Amino acid sequence: MTATYLDCNATTPVDPRVVDEVTHYLCLEYGNAGSRTHGFGQAAKERVNKARIQVSDLVSGKPDEVVFTSGATESNNLAILGLAAHAHRTGRRHIISTQIEHKAVLEPLERLQAQGFEVTALAPTPGGWIDPDAVRRALRPDTVLVSVMAVNNETGVEQPLREIAVVLGDHPAYFHVDAAQAFGKVVAPLRDHRIDMLSISGHKLFAPKGLGALVARRRGYDRVPLTPLMVGGGQERGLRPGTLPVHLIAGLGTAASIAAGEHQQWVAANSSAKTALLEDLSALDIVLNGDPERTVPWTLNFSVPGVDSEAALVALKDLVAVSNGSACTSASYDPSHVLTAAGLPQDQVAGALRLSWSHLTPAIPGAEIAARLASLRR
């Protein structure tokens, strides 16, 4: 029996149209985009430039604001650690972030703290979202960066980016958003030009693993004053050296183009699937982890009273592929830092399960999931 894949927040399947594009530039037009002396290199360069347009269009940006990276983890590191030299030069070394960020944000912030930066990590509301007024209260003249994710990877709670952008207003602090779970799925909020930097991962948007981007918007003519984390080669305006993986870049560009035309259909399909799943689980009296009014349609994080998540994973493993937290911390059995930060009861945190799907997911076996979880009640 093949389990139904319900872990799309960890990684999505690759869209067949993206597979075709990646294969073409991997096997047929395989030139190096840095080769200037022949047609193979020119074709590669043109495809990279087209991908910059496809990615930037989705967030109402400009092609030359797109820096290709290995994924959102690298993009987050570049956005945060890359500002350190500017912060030292200006004497503004205060950063605002949240307690529910991905480790790819929290750990770079810890590194800056060790260098003398002051980090204010805001706690979420019990519903899992950051109150914009908390950002307002934390904002100081020496704040250099505000970093808030778009959609939480564990709970699926969408953060109030527009309201936070209004709070920041004309303050000089740079606004960084980890958009790994949102890019191509939550479109309008990411087009707000008060957001200075957006981190993207292709494998969250039906493209292959290993490729992402940092969209770093200009303020007028001024670029975000980032210092590269690596050197050697000068690619990506010197911010990310190394030979460009043209086939992966082509895949991300295609995925972004598909999302631009189809994301509303995805929302409708995912919403219908969520409604049906909640109906199937209703007899279990599940407790939702995350404000249901703010949760995206493709994620459900819940606890079943009396059921431990580790036991649930064992009981469900041949039926559905699900998780009980972030894929990047799945080797750890520590309680979810996201749910703990929201102040949820310990037993509720210990019982949390995350189901995440997409428009490519076949029918979710909700009734069978409910039956197996019911059998585990103590």
Exercise. Which of the residues that make up region 233-266 are buried (at least 17 other Cβ atoms within 10 Å of the Cβ) and either among the acidic types (Asp, Glu) or under 18 Å from Ala363 (Cβ atoms) (or both)?
Worked result: Glu236, Trp266
Exercise. Which of the residues belonging to region 155-174 are over 22 Å from Val224 (Cβ atoms) and polar (S, T, N, Q)?
Worked result: Thr155
Exercise. When the residues of region 160-188 are filtered to those that are assigned to a loop (DSSP other than H, G, I, E, B) and over 12 Å from the mean Cα position of the chain (by Cα), which remaining residue is surrounded by the most Cβ atoms within 10 Å (Cβ to Cβ)?
Worked result: Ala173
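Can you tell me which residue within region 189-226, out of those that are of a type in the set (D, E, K, R) and within 14 Å of the chain's Cα centre (by Cα), is farthest from Leu248 (Cα to Cα)? Steps first, please.
Step one: list which residues in region 189-226 are of a type in the set (D, E, K, R), which gives 191-192, 194, 196, 204, 209, 217-219, 222-223.
Filter once more, keeping what is within 14 Å of the chain's Cα centre (by Cα): 204, 209.
Details: Lys204: 14, Lys209: 8 Å.
Applying the filter and picking the extreme gives Lys204.
Residues checked against (1) in contact (Cβ under 8 Å) with a residue 60 or more places away in the chain; (2) farther than 23 Å from His176 by Cβ:
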| site | (1), (2) |
| --- | --- |
| Gly220 | no, no |
| Glu236 | yes, no |
| Ala250 | yes, yes |
| Ala255 | yes, no |
| Gln265 | yes, yes |
| Asp280 | yes, yes |
| Thr299 | yes, no |
| Ser303 | no, yes |
| Asp318 | yes, yes |
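Scan region 277-312 for residues that are assigned to a helix (DSSP H, G or I), among the aliphatic types (A, V, I, L, M) and buried (at least 16 other Cβ atoms within 10 Å of the Cβ) and jot them down. Let's see the steps before the verdict.
We begin by selecting, within region 277-312, every residue assigned to a helix (DSSP H, G or I); these are 277-284, 309-312.
In the following step, the residues that additionally are among the aliphatic types (A, V, I, L, M) were identified as 277-278, 281, 283-284, 311-312.
Selection gives Leu277, Leu281, Leu284, Ala312.
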For this session: Please work out if Glu29 is farther than 22 Å from Gln181 by Cβ, acidic (Asp, Glu) and surrounded by fewer than 18 Cβ atoms within 10 Å (Cβ to Cβ).
Result: yes
For this session: Would you check if there is a residue in region 12-26 being touching a residue at least 12 places away in the same chain (Cβ under 8 Å), touching a strand residue (DSSP E or B) at 6+ places or on another chain (Cβ under 7 Å) and surrounded by 19 or more Cβ atoms within 10 Å (Cβ to Cβ)?
Result: no
For this session: Scan region 7-25 and give yes if some residue there is outside any helix (DSSP H, G or I) and more than 23 Å from Ile200 (Cβ to Cβ), otherwise no.
Result: no
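Where in region 33-131 are the strands (runs of 3 or more DSSP E), entirely inside, with at least 3 residues that are touching a residue at least 40 places away in the same chain (Cβ under 8 Å) and surrounded by fewer than 18 Cβ atoms within 10 Å (Cβ to Cβ)? Can you show your working first?
On the way: elements: 66-69, 94-98, 118-122.
Ranges flagged: none.
I'm trying to understand the selection: among the residues of region 142-154, which are within 10 Å of the chain's Cα centre (by Cα) and either farther than 29 Å from Pro225 by Cβ or assigned to a strand (DSSP E or B) (or both)? Show your work before the answer.
From region 142-154, those within 10 Å of the chain's Cα centre (by Cα) are 149-153; that's our starting set.
Val151 - this is the single residue of region 142-154 that is within 10 Å of the chain's Cα centre (by Cα) and either farther than 29 Å from Pro225 by Cβ or assigned to a strand (DSSP E or B) (or both).
All of the numbers you see were taken from the coordinates with simple rules; none came from a lab. If you're wondering where the values come from, they're calculated on a predicted model, not measured in any experiment. Quick reminder, even Gly has a Cβ in these numbers, built from the backbone with ideal geometry, and neighbours come from all protein chains shown.
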